[in-house]
1. 7 Å from Cα along Cα→Cβ at both A:Thr45 and B:Asp40: what's the point-to-point distance in nm?
2. What per residue convex hull volume, in Å³, do the alpha-carbon atoms of chain B yield?
3. Sorted from shortest, what are the nm distances separating the label point of B:Ser110 from equivalent points in the other copies, each placed 7 Å from Cα along Cα to C-beta?
4. Between A:Asn93 and the same site in the other copies, what are the distances in nm, shortest first, taking label points 7 Å from Cα along the C-beta direction?
5. Identify the trypsin sites (Lys or Arg not before Pro) of segment B:32-127 meeting these criteria: DSSP loop state and at most 13 other C-beta atoms within 10 Å of the C-beta.
6. For peptide A:77-83, how many partner chain Cβ atoms fall within 10 Å of a residue's Cβ, on average?
7. Please average, across the residues of B:112-119, the number of beta carbons from any other chain that are within 10 Å of each residue's own beta carbon, and give a whole number.
8. How far is A:Lys8 from itself in the other copies, in nm, if each label sits 7 Å out from Cα along the Cα-Cβ line, shortest first?
There are 2 protein chains.
Amino acid sequence: MTGAANLKPTESELEILQILWKKGNCTVRDVHEVLEKNKDAGYTTTLKLMQIMLEKGLVARDASAKTHIYRALVNQEKTQQHLVNKMIDNVFNGSAARLIMQALGNHTASKDEINSIKKYLDELSNQ
Amino acid sequence: MTGAANLKPTESELEILQILWKKGNCTVRDVHEVLEKNKDAGYTTTLKLMQIMLEKGLVARDASAKTHIYRALVNQEKTQQHLVNKMIDNVFNGSAARLIMQALGNHTASKDEINSIKKYLDELSNQ
DNA sequence: TTGCATCTACGAATAGATTCGTATATTTGA
DNA sequence: TCAAATATACGAATCTATTCGTAGATGCAA
C-alpha cells in the first residue's frame, strides 16, 4: 500500500514536489516563496499542504529545530513515469506514439532536443 | 471564457469523452455499457456526469426524443494538446524531450511506432 | 389499456483537495 | 526583559468531483 498511492500526487502537491526535487532540503518558507511567484495563497496554506504530504509519506522532515526542514520522499522519475503512463492510457488510448507526436507538434522542440530524441530512438532500435 | 476551461475535463469526463470521440453519437446507455467494462458505477452516475458535461459545454445533445443523443463538443486533439502541455509544464519543468524519453522508456514502443516517430522527427528537422 | 422497462431530472451524501483563521510556542533584537 | 516576528498545529469552511436514490415521465408489449 505504501507506494502506488504516493506516485499520484495532487496538482498542488506536485508543485511542491517540483520545488523539493529541484532544491533539495527546504523549509516551508523556502517553498512558499517559490510558489508565491506564480499563485497567491497564504503561508499557512503551504504549511498545511506540506503537513498533509508528510502524513501521506510524500515528504519527510527534520523537526529537531523550530523551523522544520522538508525533503521529497518519492522519486522524481518514478512519479513522472507513473503520470505519463496514466496519460497515455487515459488521454491517448494507450498509444505512446500519439502522445509523442502531440508533444512534439506543440512545444516546439529545439534542434538539439530533436537530435537527442533521435539518438535515443536509435538506441531503442538497436536493442 | 468559453474555451480554456473546456479543455480541462476531469478524469471521469475524459473517460466519457474518449467514448464519444471514438463512437460519435451515443446515448447515455451506450456510454454506460462501455464504462461498465472497466469500472462499476450505476447508470444514474453516468447520466449525471453527462448532464454536468452538458452544463459545462463539453458535450451537446439532441433531446428531441425521449432518449437523448449526446456528442462531444470539444475537439479531441486540442484537448490532448492542452493536457500534454500541462504535463510538460507541471511534471517535466517545460522539457518536452524529457517527457518523450519517459514515454518511450516506459511503454515499450513497437518498431513500427518507433519508425513513425523517427519519420515525424525528420519532417520536423527539414522545416 | 395497463403494467413493466427505461429514461431523465434532481437533490443530496460522500470524499478529497484547497484555503485560511486562530491559538500557541519559540526566537530574537531593541 | 519583553514585544514583535516567525513557526507549527489544528479545526473548519469551501469547493469540486463523484456517486447514488428516488420521483416522475414516456414508450412498448401483452
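All of the numbers you see were taken from the coordinates with simple rules; none came from a lab. Keep in mind that this is a model prediction, so the values were computed, not measured. A quick note on method: Cβ atoms are made from the backbone with ideal geometry, for glycine too, and the neighbour counts reach across all protein chains shown.
1. So the two model labels end up 4.0 nm from each other.
2. 159 Å³
3. 3.5
4. Spelled out, the distances from A:Asn93's label point are 3.5 nm.
5. Details: sites: B:Lys37, B:Lys39, B:Lys48, B:Lys56, B:Arg61, B:Lys66, B:Arg71, B:Lys78, B:Lys86, B:Arg98, B:Lys111, B:Lys118, B:Lys119; in loops: B:Lys39, B:Lys66.
Counting only loop positions with at most 13 other Cβ atoms within 10 Å, the trypsin sites (Lys or Arg not before Pro) in segment B:32-127 are B:Lys39, B:Lys66.
6. Per-residue shielding by partner chains comes out at 4.
7. Working: counts 1, 7, 8, 3, 4, 9, 5, 0.
Average per residue, whole number: 5.
8. Counterpart label points of A:Lys8 in the remaining copies fall at 2.0 nm.
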